[in-house]
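See below for the structure under consideration.
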């Protein structure tokens, strides 16, 4: 009896793992095949890798451009979001008072707001902006700088930050800002790493808002270009898979190099 | 004197507190709360493009007779009712299997099942679109296994288009929910299970009497986030089926997008549609909280 349940366990987990991994193998095999072979479900690696890559980068699809745009947007968003949110999370927790605690709980409500209800007003708002209006890199970055999720994440982690360190710093004559930059930031490195990963990921993969605000092809991000390629009447799947593999690489690398922080970021503040 | 000094110190601390938090407060108000109010005001107006006139509740009345809207709500609810429970149960089941101390290859299984989370929604949608092509791999596989006798029209049948989307979302998010349960399971004191074992409680009994009650807050959390995510479903529908065939797989989010940016822009009506999602999220979250609270 025990043996059969044990065998069932391994078989079930193996099948679940296979299903989870298979689409990754599929995209790697498919990027070496012609489009016809992909839609016919070929599982044999082909010889079209270089042709697919060449098409991807020379076909006037702005794919190379889109990678640069995506990288620019994700890196800038991550840096600014981390600065703003960690300052806030720290401020809400270290300088606690009733008014700010109440504001904090109101900010948390913003997590319930669906983006679908923001797209129209944000579109109309950015249309009126002169400097960072629609179709600019800044218009993609600005709305995603401050998220209640990230502020909450920093505040939760600040709860376990040893506050005696701050008192010691005050005695040493550090200013309040220096306490943050010289004591808090270095101590919280792993929190920052987790926050950076989660922010970079969501920015790199963001689709809906960039789709609305970025109107010229040369300004578009990688997910938008891939979406455009696949929605044509005769999508070149070999080429598209090559594009998907390339855009998945950065997140895959981060995942395998920093799995612990990656999972920590995903879990956010729920753990423990 | 000393009270006065304490007062100024407190005031100073308070000002510094504002300095640290003010940027984020302003940003969230400007880009979430203010647009929310704007959307509500817009929903009371009507007209094409920018020529909006105040029309009261007529946009909301129009919802009641709009067949596409009804279709989108129906589809969204189908995704919610079918997909979320399947995914939650699957994630729960896998995490319980993985929480076994004696399991070999635990790290591999966990990493493999979590892996779909690293893909972008657009990327995996396109991958699934290729796998479920009419003469594609899935049909080939199912035919070879003799599960089906003729190829399924995944993309062109109203029923199978929805099934494809449900399969895809389940693939992408099961591992994500699993890690929440794993984290929760690790916080359960193993001695509780040891005591239960001594009392002769079966594995099923242990699951229902120990694991499930202790995981309840996390299950509630994942149910609420999944519900909210499914109600906003957009990327997958856009990139797997395009909402088709006809509007057979479209969602509320996609309908709002179409109303605002694909057809002649009707921002007022689109805003009214968007408020139905807000209402649904609020109502369903409250129900879920209530259900979870009552069973305590």
Region B:2-43 - Rg (one decimal) and Dmax (whole number), Cα, Å: 17.2, 56
Relative contact order [Cα under 8 Å, 6+ residues apart], chain B, whole percent: 29
Value at 222 nm in deg cm²/dmol, rounded to 500, when DSSP H runs of n ≥ 4 in chain A each add -39,500 (n - 2.57): -21500 deg cm²/dmol
Cα-based helix-to-principal-axis angle, A:148-158 vs chain A, degrees rounded to 10: 50
Distance histogram for region A:139-196 (every C-alpha pair counted, 5 angstrom bins, percent rounded to whole numbers): 4, 16, 23, 21, 16, 11, 5, 2, 1
Partner chain coverage, peptide A:20-30 - average Cβ within 10 angstrom: 5
Part-to-part distance (alpha-carbon centres) for region A:215-266 and region A:141-182, which is given in Å: 33
Mean Cβ count within 10 Å, highest first, over the residues of peptides A:129-138, A:229-238: A:229-238, A:129-138
GNM flexibility winner over chain A from A:61, A:211, A:249 (Cα, springs under 10 Å): A:249
Histogram of C-alpha separations across region A:1-118, 5 Å bin width, %: 2, 8, 8, 9, 10, 9, 10, 11, 11, 10, 8, 4, 1, 0
Average beta carbon contacts from partner chains per residue of A:142-150, 10 Å cutoff: 4
Mean Cβ count within 10 Å, highest first, over the residues of peptides A:256-268, B:102-114: A:256-268, B:102-114
Least to most buried among B:249, B:157, A:74, A:160 (fewest other Cβ within 10 Å first): A:160, B:157, A:74, B:249
Estimated 222 nm signal from helices in chain B, with DSSP H stretches of n ≥ 4 weighted -39500 (n - 2.57), rounded to 500: -21500 deg cm²/dmol
If the convex hull is drawn through the Cα atoms of chain B, its volume per residue in Å³: 238
Average beta carbon contacts from partner chains per residue of A:86-94, 10 Å cutoff: 5
Part-to-part distance (alpha-carbon centres) for region A:52-126 and region B:178-204, which is given in Å: 38
All-pairs alpha carbon distance profile, the protein assembly as shown, 10 Å steps from 0, percent: 3, 15, 25, 27, 18, 9, 2, 0, 0, 0
For region B:174-294, the Rg and Dmax computed from alpha carbons only, in angstrom: 20.7, 69
Neighbour-count ranking [beta-carbon atoms within 10 angstrom, fewest first] of B:227, B:204: B:204, B:227
Highest-fluctuation residue, B:125, B:149, B:228 considered, GNM on chain B with Cα pairs under 10 Å: B:149
Packing-based exposure ordering (other Cβ within 10 Å, fewest first) of B:36, A:31: B:36, A:31
Quotient of C-alpha Rg and 2.2 N^0.38 Å, computed over chain A: 1.24
Calculated log₁₀ intensity ratio I(q)/I(0) where the Debye formula runs over C-alpha points of region B:69-204, q = 0.17 Å⁻¹: -1.03
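Computed from the coordinates by the stated procedures, all read-outs in this text should not be read as laboratory data. Small disclaimer: the values here were computed from a predicted structure and weren't measured. Note that we place each Cβ from the backbone using ideal geometry, even for glycine, and neighbour counts take in every protein chain shown.
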